[in-house]
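Report on the structure given below.
The values are calculated or read from the model by the stated rules, or taken from the named source; none is laboratory data. Just so we're clear, the structure is a prediction, and the values are computed from it rather than from any experiment. Using ideal geometry, Cβ is built from the backbone for each residue, glycine included, and neighbour counts are taken over all protein chains shown.
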Amino acid sequence: MDTTEREPDLQGQLSHILLIDILQMLSLSGQTGTLELRQGWNSRSIFFQEGRLTYISQGARPLSLGELLIKSGQLTPQQVEFLGQRARQSGQSFARQVLDSGLVAPEDLHAWAKPPPSG
């Protein structure tokens, strides 16, 4: 399978064209492919097969390090808020504040920072 990225055939701002017009164009022309819509961290992918809409996926904002640590039970929301305030006041990163606090072991913090293995 070819996993190289290629330039999109169509891209741009939707301020001058309606999304429904793009969907209709892709459908009527029998296109196969993916239409990606992005607004900030929010994204959607609309998949077409020979002009037929086959699937719509919803992208979600990735969890922040603080959210991951709360979800895993390693820190409380109050600890994350406190360390976040210290990071903003000191100009240091949140991760540095977490490490300096000693609340999370360095190896645990590094495990959260690693990207998930690609399958």
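Table: residues versus (1) among the polar types (S, T, N, Q); (2) in a strand (DSSP E or B).
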residue	(1), (2)
Gln13	yes, no
Ile22	no, no
Arg38	no, yes
Leu63	no, no
Gln74	yes, no
Gln78	yes, no
Glu81	no, no
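Inspect the stretch 74-90 for any residue being more than 27 Å from Asp9 (Cβ to Cβ) and in contact (Cβ under 8 Å) with a residue 40 or more places away in the chain and give the result as yes or no.
Pass one, the stretch 74-90, residues more than 27 Å from Asp9 (Cβ to Cβ): 74-90.
Remaining after also requiring in contact (Cβ under 8 Å) with a residue 40 or more places away in the chain: none.
Within the stretch 74-90, none of the residues are more than 27 Å from Asp9 (Cβ to Cβ) and in contact (Cβ under 8 Å) with a residue 40 or more places away in the chain.
With in a strand (DSSP E or B) and either out of contact with any strand residue (DSSP E or B) (no Cβ under 9 Å at 6 or more places or on another chain) or surrounded by 13 or more Cβ atoms within 10 Å (Cβ to Cβ) (or both) as the only criterion, which of Ser45, Ser57 stands out? Show your work before the answer.
Values: Ser57 fails: either out of contact with any strand residue (DSSP E or B) (no Cβ under 9 Å at 6 or more places or on another chain) or surrounded by 13 or more Cβ atoms within 10 Å (Cβ to Cβ) (or both).
None of the other options fit; the residue is Ser45.
Consider the stretch 69-78 and keep the residues that are of a type outside the set (Ser, Thr, Tyr) and surrounded by fewer than 17 Cβ atoms within 10 Å (Cβ to Cβ). The one that is farthest from the chain's Cα centre (by Cα) is Gln78. Can Thr76 be described as touching a strand residue (DSSP E or B) at 6+ places or on another chain (Cβ under 8 Å) and either under 28 Å from His110 (Cα atoms) or modelled with pLDDT of 85 or more (or both)? When the stated conditions are applied, Thr76 does not pass them.
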